[in-house]
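K.L.:
What follows is a structure written as structure tokens; I'll ask about it next.
What follows draws every value from the coordinates through simple rules; no lab data is involved. What you are looking at is a predicted structure, and each value in this text was computed from that prediction instead of being measured. Backbone-built Cβ (ideal geometry, glycine too); neighbour counts: all protein chains shown.
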Amino acid sequence: MEKWFKVGKIVNTHGVKGEVKVVSTTDFPEERYQIGNTLSLFKMEDQDPISLVIKSHRSHKNFDLLTFEGYENINEVEKFKEGILKVQEDQLQELDEGEYYFHEIVGCKVKTTAGEDLGTIKEILSPGANDVWVVKGERGKEYLIPYIEDIVISVDIEQQLITIEPMEGLLS
């Protein structure tokens, strides 16, 4: 069975020359949206994905703007709105040690070095210099854990377990 990974959602068109606005969920937009790369577009009403080859990529106001080969104007890409862009597992590249894909981290349990269970990572924010992992606790409390060496002590993808050493004030 094919395994697909979401890299973004087309939220709108941009201009009249076939550019689309994408809210990215990919860890590496510069690599994922390289010219010539292929993405698969999934729409609710379509059974099969549409294969799209990237013609151009640029960033603009927290969005990634893409054009695709063979789609030259707004009328041709209007139907892509609300579509989900995905790649297959074989399109994922090998990562260096200490690097992880978002889909590997989301869903992991988080505990402190003192053994306290904090909850499960429900999403990853990428606001700037480092990612921030959003941990949903037992009673609905959320913790924001910055992915930095001083705090994240170990990541065990196979066991789906992350151990942190919380700095003062992090869990209050």
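K.L.:
Could you let me know the centre-to-centre spacing of region 139-154 and region 25-68, using Cα atoms, in angstrom?
P.N.:
Answer, in whole Å: 30.
K.L.:
Among residues other than Leu65 whose Cβ falls under 11 Å from its Cβ, what is the net charge (Lys/Arg +1, Asp/Glu -1)?
P.N.:
+2
K.L.:
Just flag the trypsin sites (Lys or Arg not before Pro) in region 3-54 sitting in loop per DSSP whose Cβ has no more than 13 other Cβ atoms within 10 Å.
P.N.:
Details: sites: Lys3, Lys6, Lys9, Lys17, Lys21, Arg32, Lys43; in loops: Lys3, Lys17, Lys43.
Sites meeting the loop and neighbour criteria: Lys3, Lys17.
K.L.:
Would you list, by chain and number, the lysines whose Cα falls below 21 Å from the Cα of Lys17, excluding same-chain residues fewer than 8 positions away?
P.N.:
Within the straight-line limit of under 21 Å, Lys17 reaches these lysines: Lys9, Lys55, Lys61, Lys79, Lys81.
K.L.:
Follow-up question, since we're still on this one. Filter the trypsin sites (Lys or Arg not before Pro) in region 80-153 down to the DSSP loop ones having no more than 13 other Cβ atoms within 10 Å, then list what survives. Walk me through the numbers before you get to the answer.
P.N.:
Values: sites: Lys81, Lys86, Lys109, Lys111, Lys122, Lys136, Arg139, Lys141; in loops: Lys81, Arg139, Lys141.
For trypsin sites (Lys or Arg not before Pro) across region 80-153 that sit outside H, G, I, E and B with at most 13 neighbouring Cβ atoms in 10 Å, the list reads Arg139, Lys141.
K.L.:
Tell me the net charge near Gly15. Cut-off is 15 Å between Cβ atoms, Gly15 excluded, with +1 for each Lys or Arg and -1 for each Asp or Glu. Could the numbers behind the result be given before it?
P.N.:
Values: positive: Lys17, Lys21, Lys55, Arg58, Lys61, Lys81; negative: Glu19, Asp64, Glu72, Glu76, Glu78.
In short, +1.
K.L.:
Also, quick follow-up: So for the chain, taking the charge dipole from beta-carbon charges (+1 Lys/Arg, -1 Asp/Glu), which of Val152, Gly70, Gly115 sits furthest toward the positive end?
P.N.:
Checking the options against the dipole of the chain, the answer is Gly70.
K.L.:
How high is the relative contact order of the chain, in percent, counting Cα pairs under 8 Å that sit 6 or more residues apart?
P.N.:
18
K.L.:
Please compute P(r) over all alpha-carbon pairs of region 43-99, binned at 5 Å starting from zero, and give each bin as a whole-number percent.
P.N.:
4, 12, 19, 25, 19, 11, 6, 3, 1
K.L.:
Could you compute Rg(Cα) / (2.2 N^0.38 Å) for the chain, with N its residue count? Could the numbers behind the result be given before it?
P.N.:
Numbers: Rg = 18.5 Å, N = 172, 2.2 N^0.38 = 15.6 Å.
Here the Cα radius of gyration is 1.19 times the empirical estimate.
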